[in-house]
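What follows is a single structure, written as structure tokens, with notes after it.
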Amino acid sequence: MNLLNFIVRRLLLMVLVLFGVLCIVFIIANVIPADPIGALLGGNAPPEVVDEYKKKLGLDKPLAERFVSYLLGVLRGDLGVSFRTNRPVLEDIKKFFPATMELAIAATILSVILGIWLGVASAVNRNKGIDHFARVFSILGVSMPVFWTGLLLLLIFYYKLDILPGPGRLDIFLTPPKRITGSIVIDSLLTGNWEALKNGLLHLIMPAFVLGYSATASIARITRASMLDVLRQEYITTARSKGLEERKVVRNHALRNALIPTVTIIGLTFGSLLEGAVLTETVFSWPGLGRYITNGYLVLDYPAVMGGTLYIAFIYSLVNLIVDIIYAFLDPRMRV
Amino acid sequence: MRILGIPVPESYKPMIEDLKHTMYLWRKSRLTMVGTIIVLAFLMVAIVAPFVAPYDPIEQNLKEKLLPPSREHLFGTDQFGRDIFSRVLYGSRIALWIILLVSLISGGVGTMIGVFSGYFGGIVDEILMRITDMFLAFPGLVLAMAFAAAMGPSLTNTIIAISLVYWTRYARLARAEAMRVKNMEYIEAEKAIGASHLRIIFLHVLPMCISPVLVQLTLRMGTIILTAAGLGFLGLGAQPPTPEWGAMVSDGRNYLVDQWWISTFPGLAIAIVVLGFNLLGDGIRDMLDPRLRR
């Protein structure tokens, strides 16, 4: 099967899956809660107020009708209006998502660099000091709860030592750069606002590290395993016996082939980043989509929650699709 | 070679020998042993918590609130004067309860769906696997949050929510195994003597699918604790005053600067227990890997 066929098939499948995702989200928000109005207004609101709210939110219509109208709305890009902020949910997502994206990308960059470096270093120096260190570092990364690591780092580096800035994306007294892409770093680069750039980057360090820690661990682990596999191959022995420098053998011959599994794991960890973002954003008061959804859940703001969850699932599926395509491109055996 | 006087082929490895080799591998890996010890200690603590905890985990004592760690209160006290050490001990029971039930529910549901899907194939398989894909399209915690919030946050609903998220992995595993098994000759023989589908599934296919699922379950136990603690931390899991570790970390957030111990110790408990499960899981995986085994 050629690559184009594969991509078309996967795209069709993704449309189907997204329809299912919409169904799940709709069921969660409309069928499972016994009494959304009661949850919204408190148990003993007068019946007239309850009826009025039902009408206002469209809850007096039959379920099927509500589903169809929500579906049509989503297709038109209308995700409803948030109870809490009183703005269209899509507007809110546009406002909050860039912050999440900035954090996730920073975490990815950090974890890819650190993870590949650790993985290669520990494979090359197998069973030596650095290998043991990397192993402990990795296993701690997947064991420590994200929110706890975040709190501890805040306590140490912000409250006690005061060498890194605290929660939020910028210091309060700093005027944020003009909003162009929604990413503080890119916007301040574009507007040449160096002070905001520096401050924004400093604010990114802790949350990006916390968020990227477990991803770093899994990338390091996969890179180490696949590097060890490749280093055993005969062409590496050939390269070495030609008298090639070990550094060149590692970088030019081994690493290239060893990185194929790493690409997949980077894609897969992006999903765990979205998951971790919910917790990291809560700890660091980061105004992103994860915190938007969490706050929505706590006050049962259903339109916001449905829209936000749908959007995250969409991004997650899209990233997985892209990873699959890259993988199919790198390795023809995967095109089935 | 002869075993009990009966001649056997040279390639035959007796089970005892194999078990001995496994024990040898287990002892040789120090990290696996550490993991085993941590997990055993966790189980012990969960069992004996009511007998060794010095204070009641729920009762408030406002005269002793926000005390730093001392001899009377090893981990200090929280804003309601509750002894954090006792609460952490009791928290292990909640964590264990969550792990057991989530493993049982998600493992059971996942295996059944996977076995049916793999055994029947065709349209049944197509439908069940597309449903699995739909659940996999969400990041785990986000979907668990949605279920937990919709059902109302509580310990029971945390367990249901996490199970609803994690069954997919076991379904895929069991499906692959069922597909492999269903074409084997002994299944054909079963069919030939007229066994019903249900009989074949429950007596002959299902038992073959259980061991890979069990291995996977042990590997995932750390993740289950982390997800439950995450829900608790966000306020969507077990509700106060339940001594759930994630919720306890969240309790201490407002006191982080001056009363660091409120958040630190429950978080440390999560980290240590998850570390134990991860080390043990890694060890089990290494022991089962035939390339590392010999």
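In this structure, A:GLU281 does satisfy being among the acidic types (Asp, Glu), under 15 Å from the mean Cα position of the chain (by Cα) and more than 10 Å from every other protein chain (Cβ to nearest Cβ).
Yes/no per residue for (1) touching an Asp or Glu at 6+ places or on another chain (Cβ under 9 Å); (2) β-branched (Val, Ile, Thr); (3) more than 26 Å from B:THR111 (Cβ to Cβ); (4) part of a helix (DSSP H, G or I):
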position: B:GLN239; (1), (2), (3), (4): no, no, yes, no
position: B:MET248; (1), (2), (3), (4): yes, no, yes, yes
position: B:VAL273; (1), (2), (3), (4): no, yes, no, yes
position: B:ILE284; (1), (2), (3), (4): no, yes, no, yes
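Considering (1) more than 23 Å from the chain's Cα centre (by Cα); (2) in a helix (DSSP H, G or I), the lone condition that A:LYS95 does not fulfil carries the number (1).
What are the residues in region B:128-137 that are open to solvent by less than 10 Å² (accessible area, probe 1.4 Å) and facing chain A (nearest Cβ under 7 Å), if any?
Start the filter on region B:128-137 by keeping residues that are open to solvent by less than 10 Å² (accessible area, probe 1.4 Å), which leaves B:132, B:137.
Passing the criteria: only B:ALA137.
Among the helices (runs of 4 or more DSSP H) confined to region B:123-225, the ones with at least 3 residues that are farther than 30 Å from B:ALA269 by Cα and of a type in the set (A, V, I, L, M, F, W, C) are located at B:155-182, B:185-192. When A:SER188 is tested against (1) more than 13 Å from chain B (Cβ to nearest Cβ); (2) free of Cβ contacts under 8 Å to residues at least 24 places away in the same chain; (3) of a type outside the set (D, E, K, R); (4) surrounded by fewer than 21 Cβ atoms within 10 Å (Cβ to Cβ), exactly one condition is not met: (4). Going through (1) under 22 Å from A:GLY290 (Cα atoms); (2) in a helix (DSSP H, G or I) one by one, A:ILE172 falls short only on (2). Considering only residues that are closer than 19 Å to B:LEU101 by Cβ and within 9 Å of chain A (Cβ to nearest Cβ), which ones fall in region B:242-270? Those that are closer than 19 Å to B:LEU101 by Cβ and within 9 Å of chain A (Cβ to nearest Cβ): B:TRP245, B:GLY246, B:ILE270. Quick check on A:ILE293: is it crowded, with 19+ Cβ neighbours inside 10 Å, within 13 Å of chain B (Cβ to nearest Cβ) and in a helix (DSSP H, G or I)? Yes. Within region B:275-285, is even one residue more than 10 Å from every other protein chain (Cβ to nearest Cβ), touching a residue at least 24 places away in the same chain (Cβ under 8 Å), over 22 Å from A:LEU155 (Cα atoms) and of a type in the set (D, E, K, R)? Among the residues of region B:275-285, at least one is more than 10 Å from every other protein chain (Cβ to nearest Cβ), touching a residue at least 24 places away in the same chain (Cβ under 8 Å), over 22 Å from A:LEU155 (Cα atoms) and of a type in the set (D, E, K, R), which makes the answer yes. Consider region A:148-185 and keep the residues that are away from chain B (no Cβ under 14 Å), in contact (Cβ under 8 Å) with a residue 24 or more places away in the chain and β-branched (Val, Ile, Thr). The one that is most open to solvent (accessible area, probe 1.4 Å) is A:THR181. Quick check on A:LEU310: is it assigned to a helix (DSSP H, G or I) and either in contact (Cβ under 8 Å) with a residue 60 or more places away in the chain or of a type in the set (A, V, I, L, M, F, W, C) (or both)? Answer is yes for this residue.
Filtered by the rule that a residue be more than 10 Å from every other protein chain (Cβ to nearest Cβ) and open to solvent by 40 Å² or more (accessible area, probe 1.4 Å), region B:222-241 gives B:GLN239, B:PRO240, B:PRO241. When A:LEU57 is tested against (1) away from every other protein chain (no Cβ under 14 Å); (2) open to solvent by less than 50 Å² (accessible area, probe 1.4 Å); (3) modelled with pLDDT under 75; (4) under 23 Å from B:MET145 (Cβ atoms), only condition (2) is not met. Among the residues of region A:118-138, the one identified as surrounded by 15 or more Cβ atoms within 10 Å (Cβ to Cβ) and among the aromatic types (Phe, Trp, Tyr) is A:PHE137.
Of B:GLY108, B:GLY91, all but one fail to be open to solvent by less than 40 Å² (accessible area, probe 1.4 Å), in a helix (DSSP H, G or I) and free of Cβ contacts under 8 Å to residues at least 24 places away in the same chain; the exception is B:GLY108. Mind listing whichever residues of region A:235-286 are assigned to a helix (DSSP H, G or I), aromatic (Phe, Trp, Tyr) and open to solvent by less than 50 Å² (accessible area, probe 1.4 Å)? Scanning region A:235-286 gives a single hit, A:PHE270.
The values are calculated or read from the model by the stated rules, or taken from the named source; none is laboratory data. Owing to the predicted nature of the structure, the values given are computational and were not obtained by experimental measurement. Neighbour counts are summed over all protein chains in view; Cβ atoms, including those assigned to glycine, are modelled from backbone coordinates with ideal geometry. Note: areas computed on protein heavy atoms with side chains; ligands, DNA, RNA excluded. Shrake-Rupley method; radii C 1.70, N 1.55, O 1.52, S 1.80 Å.
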